[in-house]
1. So HIS57 ticks every box in (1) modelled with pLDDT under 85; (2) under 13 Å from the mean Cα position of the chain (by Cα) but one. Which box is left unticked?
2. Got a number for residues in the stretch 31-56 being more than 26 Å from ILE8 (Cβ to Cβ) and part of a loop (DSSP other than H, G, I, E, B)?
Amino acid sequence: MQVGDASIPVAQCNNIYIFPGVGLAVTAVRANRVTDAMMTAATAAVGDTAIIRRDPHGTLLPTVLSSPTPPRSWRAPSRRRR
C-alpha cells in the first residue's frame, strides 16, 4: 500500500497466526468452545509483536515463524480458557 511517499506491505494474519493459535490452544487445554477472550488474547498477542511498534517503517505483523518456538499468538488463547 502506498502512504505518501512510503510503500507499506500489507499482510493478512488470520490464517497464519490467529486461527492456528486458537486451534492449538483449544486442543492443548481441551476447551469445549472458543471464547471471545481467547480470540482477543490471540489478536492482542499478534499486535504486541508488530514490528511497526518499534520501527515506523516496519511491517504490521512479525515475520512468519522464524523460530521453532510457537508465536505468542498461539500460546495466549490457552490462558483465556474459561
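1. Condition (2) is where HIS57 drops out.
2. Number of matching residues: 5.
The values are calculated or read from the model by the stated rules, or taken from the named source; none is laboratory data. Quantities reported herein were computed from a predicted structural model and do not represent experimental measurements. Cβ sites come from the backbone with ideal geometry, for glycine too, and all protein chains shown count toward neighbours.
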